[in-house]
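Presented below is the structure to which this report refers.
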Amino acid sequence: MTTIHEPVCLRRPTLHHACPLAAGARVALGYAFRRAGSAAVLPDGRHLGAPGVAPSIEFVDADAAFERMGHQPAIGVGEAYMAGDWRVTPGADLAEAMVPFARHLVASQPVAAAWLRRMASTAQPGATRNTVGQARRNIEAHYDLGNTMFESFLDDTLTYSSARFDWRRSLSDQTLEEAQVHKIELALDRAGVREGSSLLEIGTGWGTLAILAARRGARVTSITISPSQAQLARERIAAAGLSHLVGVELRDYREQRGQFDAVVSIEMIEAVGEEFWPGYFAAIERSLAPGGTAVLQAILMTEERFRATRNSYGWIQKHVFPGGQIPSVRALQDAARPSGLSVTPVDMFGLDYAETLRRWRLRFLQNWPQVRDLGFDEVFGRRWEFYLAYCEAGFTAAAIDVGQLVLQRVDAARPDAVTASVAAG
């Protein structure tokens, strides 16, 4: 069962309608809707937000929603959706309804609004720090929900990261599996993985990258701290007849030893945390043989947004990725510099992630009856629907981005290779 902790005023109904935080949240929401050019309808039929705009959101229990948002501004919107306090209007799409607000985040903010956002921010709990022991618990809280749950919305590659589509072709003609394989092949190309290469993969997922690298003739060591992922990855690698080339180990990146021709890590940096980024890059540098190249795929935000949110604790961190943190390119470059590594973005493709998330969400909703039969409740279902739509809106509005980055030792960086990689797209 998924638990939502009720704000104090919801637990004490006698104070419910007199809560000044809820009243303030209603005013703030009206302002946010007007600035975003959007509107909502309240249970009594009145509209909130931009005049003359058809509402895309409707409140089922406005009082409860305002209570949650007033008490926890960075968390309450998502928890109100989980609780069923609001939903989209008939015919509207959840991600599309959130895009105007995500675009509002990208636009320049008035000084007063930025100050209020900082005041509303809550620091991440110290208990979620990604120490060796806690990192395992944080990862298990997300990835060990069960492989069957993830299979309900991922494609057959079981790849849980952004795909890379070919925008010269119609998206409807491209399967998600095809686009995921394309993304992985690009990362392997950029890392120089070929027959005879030794490759370290940090973050196994469910084994597809290791399989594709081994099919090139590479020898792969893949490390993860998720027991359920490791088990299924080993099974899939064995079924592909590649166990002699791939070893999957339950090991933290800080515990990895040995050198490799290449290191690849796909969307794992987000689970490291700013405090541990220098150690993460030191581990990569330590693992690279002379002349080796590393490739990261990372979810990113602008430097301005990173600095504004770096110490905050939001809905995603509470309900989806405990200990998670999205970096900026500059933040990664600064963290990698002490290890003597250069970090160069070579391919940014945020709209590809929006399309990936759209397909995941549609499949999750289509298969929800089977997911529910696994023992998940309706609150869990709304949590994952909101999570996928919330992220889709962020990438659609360019509030967040994703890219592949090439890492090399500063004294060995090859500008010509980076330029060629950018051109390859």
request  = With the checklist (1) at pLDDT 90 or above; (2) surrounded by fewer than 16 Cβ atoms within 10 Å (Cβ to Cβ) in hand, flag the one item R12 doesn't pass.
outcome  = (1)
request  = Please list, ordered by first then second residue, the pairs with beta carbon atoms under 9 Å, 6 or more apart or interchain, first in the range 363-382 and at pLDDT 95 or above, second acidic (D, E) and crowded, with 18+ Cβ neighbours inside 10 Å.
outcome  = R363/D155; F364/E385; L365/E385; W368/E385
message = Quick check on E355: is it under 20 Å from R305 (Cα atoms) and crowded, with 19+ Cβ neighbours inside 10 Å?
response = no
task = Pick out the one residue from G381, G394, G375, G403 that is touching a Pro at 6+ places or on another chain (Cβ under 6 Å) and not charged (D, E, K, R).
result = G403
ask   = Which of the residues that make up the range 220-252 are surrounded by 18 or more Cβ atoms within 10 Å (Cβ to Cβ) and hydrophobic (A, V, I, L, M, F, W, C)?
value = V220, I223, I225, A230, L232, A233, I237, L242, L245, V246, V248
Selection status of G279, within 18 Å of I225 (Cα to Cα) and either at pLDDT 95 or above or surrounded by fewer than 18 Cβ atoms within 10 Å (Cβ to Cβ) (or both) = yes
inquiry  = For the range 222-269, give me each residue that is in a helix (DSSP H, G or I), in contact (Cβ under 8 Å) with a residue 12 or more places away in the chain and among the small types (G, A, S).
reply    = S228, A230, A233
ask   = Pick from the range 368-412 the residues that are polar (S, T, N, Q) and out of contact with any Asp or Glu (no Cβ under 9 Å at 6 or more places or on another chain): which of them is nearest to A335 (Cα to Cα)?
value = Q408
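Hey, among G217, G205, which residue is at positive phi, surrounded by fewer than 23 Cβ atoms within 10 Å (Cβ to Cβ) and of a type outside the set (A, V, I, L, M)? Before you say what the answer is, go through the steps one by one.
Details: G205 fails: surrounded by fewer than 23 Cβ atoms within 10 Å (Cβ to Cβ).
Within the list G217, G205, the selection yields G217.
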ask   = Which condition number in (1) within 30 Å of P369 (Cα to Cα); (2) among the small types (G, A, S); (3) over 22 Å from the mean Cα position of the chain (by Cα); (4) at pLDDT below 65 is the one that A141 fails?
value = (3)
task = Considering only the range 27-124, give the strands (runs of 3 or more DSSP E) lying wholly within it that have at least 1 residues that are modelled with pLDDT of 95 or more, surrounded by 15 or more Cβ atoms within 10 Å (Cβ to Cβ) and acidic (D, E).
result = 57-59
task = May I ask you to say which residue of E285, E303 is touching a Gly at 6+ places or on another chain (Cβ under 7 Å) and surrounded by fewer than 21 Cβ atoms within 10 Å (Cβ to Cβ)?
result = E285
ask   = Could you give every pair whose Cβ atoms fall below 6 Å, whose first residue belongs to the range 334-352 and is part of a strand (DSSP E or B), and whose second residue is among the polar types (S, T, N, Q), counting only separations of at least 6 or pairs across chains?
value = S342/Q408; V343/Q333; V346/Q404; V346/S421; D347/Q404
request  = Restricting attention to the range 253-294, report how many residues are in contact with a helix residue (DSSP H, G or I) (Cβ under 6 Å, 6 or more places away or on another chain) and among the aliphatic types (A, V, I, L, M).
outcome  = 6
task = Look at L405 and say whether it is in contact (Cβ under 8 Å) with a residue 24 or more places away in the chain and assigned to a strand (DSSP E or B).
result = yes
remark   = Residue set A294, A283, A289, A298; condition closer than 30 Å to S198 by Cα, assigned to a helix (DSSP H, G or I) and among the aliphatic types (A, V, I, L, M); output residue A283
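The values are calculated or read from the model by the stated rules, or taken from the named source; none is laboratory data. Bear in mind that the values here come from a model prediction, so they are computed numbers and not experimental data. Every residue, glycine among them, receives a Cβ derived from its backbone with ideal geometry; neighbour counts consider all protein chains shown.
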